[in-house]
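Q: For reference, the structure I am asking about is given below.
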Amino acid sequence: MTDLPDFSSGKGADSELQDFLLAEKQKAQFHAQIHEFNDFCWDKCVDKPGSKLDSKTETCITNCVERFIDVSLLITNRFAQMLEKGGGMQ
């Protein structure tokens, strides 16, 4: 019923625990990013909520999320390049 790994197996437990915690952290970051997309793009694109979205609002939300993702990937890739070159953020 649960997806929790069995950490009682001994010396590999620390590694398994670290992997599990990293995966959970990545899931939380993903959910936080989705929430941020929703808030930002909703505020930018939706004037007044209705029973359904008109095509202009739907297009705006789609474009907004795509640009938000593009910028996030650009920034992430730039930081990765800086770290690879040893230029980290000191």
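Q: Hey, any hits in the range 45-52 for a residue that's in a helix (DSSP H, G or I), more than 24 Å from A32 (Cα to Cα), small (G, A, S) and open to solvent by less than 100 Å² (accessible area, probe 1.4 Å)?
A: No: the range 45-52 contains no residue that is in a helix (DSSP H, G or I), more than 24 Å from A32 (Cα to Cα), small (G, A, S) and open to solvent by less than 100 Å² (accessible area, probe 1.4 Å).
Q: Pairs please, first residue from the range 33-60 and closer than 30 Å to T76 by Cα, second anywhere and of a type in the set (D, E) and in a helix (DSSP H, G or I), Cβ atoms under 9 Å, 6+ apart in sequence or on different chains.
A: C45/E58
Q: Quick one: would you say K25 is touching a helix residue (DSSP H, G or I) at 6+ places or on another chain (Cβ under 8 Å), open to solvent by 80 Å² or more (accessible area, probe 1.4 Å) and either among the aliphatic types (A, V, I, L, M) or at pLDDT 90 or above (or both)?
A: So K25 does not fit the description; no.
Q: Within the range 70-90, can you find the residues that are in a helix (DSSP H, G or I), open to solvent by 60 Å² or more (accessible area, probe 1.4 Å) and either over 19 Å from H35 (Cα atoms) or in contact (Cβ under 8 Å) with a residue 24 or more places away in the chain (or both)?
A: L74, N77, R78, F79, Q81, L83, E84
Q: For C64, all conditions in the list (1) surrounded by 13 or more Cβ atoms within 10 Å (Cβ to Cβ); (2) part of a helix (DSSP H, G or I); (3) out of contact with any Lys or Arg (no Cβ under 7 Å at 6 or more places or on another chain) hold save one; what is the number of the exception?
A: All conditions pass for C64, except number (3).
The values are calculated or read from the model by the stated rules, or taken from the named source; none is laboratory data. Because the structure is predicted, anything quoted here is derived from the model rather than measured. With ideal geometry, Cβ positions are generated from the backbone for all residues, glycine too; neighbour counts draw on all protein chains shown. We work out accessible area using only protein heavy atoms, side chains counted, and drop any ligands, DNA or RNA first. Shrake-Rupley method; radii C 1.70, N 1.55, O 1.52, S 1.80 Å.
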